[in-house]
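For reference, the structure discussed in these notes is given below.
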Amino acid sequence: MDSETDIAIVGMAGRFPGARNVDEFWQNLLQGTESIARLSDEEIIAAGVSPDVLTRTDYVKAAAVLDDPGHFDAAFFGYSPGEATTMDPQHRLLLELAHIALEDAGCDPDRYRGPIGVFAGSAMNTYFLNRGLEDGFAENYIPTLVASDKDFLATRISYKLGLRGPSLTVQTACSTSLVAIHLARQSLLNEETDMALAGTVSVRVPHRAGYFYDGSGVVSRDGHVRAFDAAANGTVFGSGAGVLVLKRLADALVQGDRIHAIIKGSAINNDGADKAGYTAPSVNGQAAAVAAALANAGVDAGEISYVEAHGSGTPVGDRIELLALTKAFRNFTPRTSYCAIGSVKTNVGHLDAAAGMAGIVKTVLALQHRRIPATLNFTKPNEEIDF
């Protein structure tokens with residue numbers, strides 16, 4: 001049943017490990033492809049990593065990478081080659097995807113009458129740190145700042161594409177994608193915007209490089225993500241990006257838009273001090289957020305057939321997430337063993353600020369095709385999780 005607070009996803013674009021667009025992404029998901037690359041010593045050295053690390057037993061030669069993450073059609077967007085070279089590749093990639101997403105939505109910003117907002121976020125600019133750009137920072141302060149800093153991500157997109165709605169850079173670490181979507185939804189419901197782009201990006205530099213396993217369980221010791229599995233030992237961080245174009249459902253229906261999916265509700269909160277440490281999740285905080293989102297959507301948990309989870313593949317995090325989901329669902333239904341759960345991180349790794357974007361694009365595609373892709377690397381349930 002449609003609600004006046006329903007939001008339609010009318011456009012999508014994405015670049016994910018092993019996939020140059022959302023169609024390739026879907027095919028990889030269907031085929032059960034693990035798009036976490038196994039890197040050769042030659043690739044790692046070519047990326048600029050010291051050869052000294054290659055023989056270390058704690059160095060994992062795996063990464064979730066993009067094809068040609070630095071390629072950019074500078075002239076199309078009115079940049080000189082020199083300007084493009086100094087620009088954070090995350091800014092370049094998200095600008096391209098914003099343009100593609102608007103095309104997918106059938107929107108020409110120059111002809112669209114209402115305000116179009118941008119809510120965007122990125123990971124840390126590691127390109128700046130690894131390409132020696134800080135050497136010219138004092139002499140070229142303003143140009144370097146505008147090309148490199150997160151603060152200019154959303155407004156760059158608005159400037160280059162001629163978008164006149166609110167333009168906000170959103171930064172909440174791993175939850176950036178879903179918070180950006182939540183804020184875009186609020187902006188639409190408050191009628192600040194008639195259309196909103198929610199986009200996030202992560203491009204890690206050096207790109208085709210591994211990482212150090214520290215034994216803490218945060219990063220995987222073997223380069224595989226095993227969400228909810230007894231053998232889960234950590235996650236693999238990587239690169240990816242995606243943009244959604246959103247409209248109020250009522251407007252999308254009147255204007256004859258193609259609707260990919262509908263967002264019924266959303267909610268955000270914070271754990272405060274109710275957790276073991278700053279980076280640790282809490283059961284109560286997550287459960288409260290899930291319950292609030294369901295209430296906001298006017299949906300009973302008993303109607304939910306699938307949850308695309310955070311599913312980072314860490315033994316503690318997976319357990320806490322399932323406890324929180326169970327606690328939230330118990331507010332609505334006593335039913336058990338009826339709702340599927342999965343995590344795209346087993347396919348593409350943890351994409352930092354773009355992690356939630358990979359998850360929501362996967363879920364939209366699953367709804368469209370009426371198929372739930374397999375969660376990979378699962379053989380035996382985590383004994384600490386009561387499925």
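The values are calculated or read from the model by the stated rules, or taken from the named source; none is laboratory data. Treat the numbers as computed from the prediction; the structure is a model and nothing was measured. All Cβ positions, glycine included, derive from the backbone under ideal geometry; neighbour counts span all protein chains shown. Please note that ligands, DNA and RNA were not included when accessible areas were found on the heavy atoms of the full protein model with its side chains. Shrake-Rupley method; radii C 1.70, N 1.55, O 1.52, S 1.80 Å.
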Exercise for review: Among the numbered conditions (1) at pLDDT 95 or above; (2) touching an Asp or Glu at 6+ places or on another chain (Cβ under 8 Å), tell me where residue 164 comes up short.
Suggested key: (2)
Point to revise | Every residue from the range 170-225 that is of a type outside the set (D, E, K, R), open to solvent by 60 Å² or more (accessible area, probe 1.4 Å) and touching a Leu at 6+ places or on another chain (Cβ under 7 Å) | key: none
Exercise for review: Show the residue pairs that are 6+ apart or on different chains and have beta-carbon atoms under 8 Å apart, the first residue being within the range 160-178 and within 16 Å of residue 91 (Cα to Cα), the second being among the aliphatic types (A, V, I, L, M) and open to solvent by 30 Å² or more (accessible area, probe 1.4 Å).
Suggested key: 168/183; 170/183; 177/360
Check your understanding: Quick check, is residue 311 surrounded by fewer than 16 Cβ atoms within 10 Å (Cβ to Cβ) and either within 19 Å of the chain's Cα centre (by Cα) or not in a helix (DSSP H, G or I) (or both)?
Key -> no
**Study point:** Counted residues, the range 41-65 - those being open to solvent by less than 40 Å² (accessible area, probe 1.4 Å) and closer than 18 Å to residue 238 by Cβ
**Key:** 9
**Study point:** Filtered residues of the range 71-102 (kept if within 24 Å of residue 43 (Cα to Cα) and either open to solvent by 50 Å² or more (accessible area, probe 1.4 Å) or without any contact (Cβ under 8 Å) to a residue 24 or more places away in the chain (or both))
**Key:** 71, 85, 86, 92
**Study point:** Hits in the range 341-364 (condition: over 26 Å from residue 211 (Cα atoms) and either touching a Gly at 6+ places or on another chain (Cβ under 6 Å) or open to solvent by 10 Å² or more (accessible area, probe 1.4 Å) (or both))
**Key:** 341, 360, 361, 363
Revision key, fill the gap. Across the range 1-28, the tally of residues that are under 21 Å from residue 266 (Cβ atoms) and charged (D, E, K, R) stands at 3
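Residue under question is residue 135, and the condition is that it be open to solvent by 20 Å² or more (accessible area, probe 1.4 Å) and farther than 26 Å from residue 163 by Cα; does it hold? Walk me through how you get there before you give the answer.
Details: open to solvent by 20 Å² or more (accessible area, probe 1.4 Å): yes; farther than 26 Å from residue 163 by Cα: yes.
Answer is yes for this residue.
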Review point. Looking at (1) open to solvent by less than 30 Å² (accessible area, probe 1.4 Å); (2) more than 24 Å from residue 193 (Cβ to Cβ); (3) assigned to a helix (DSSP H, G or I); (4) of a type in the set (A, V, I, L, M), which is the only condition residue 288 fails?
Key: (1)
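Is it the case that residue 134 is modelled with pLDDT under 85, in a loop (DSSP other than H, G, I, E, B) and not aliphatic (A, V, I, L, M)?
So residue 134 fails the test.
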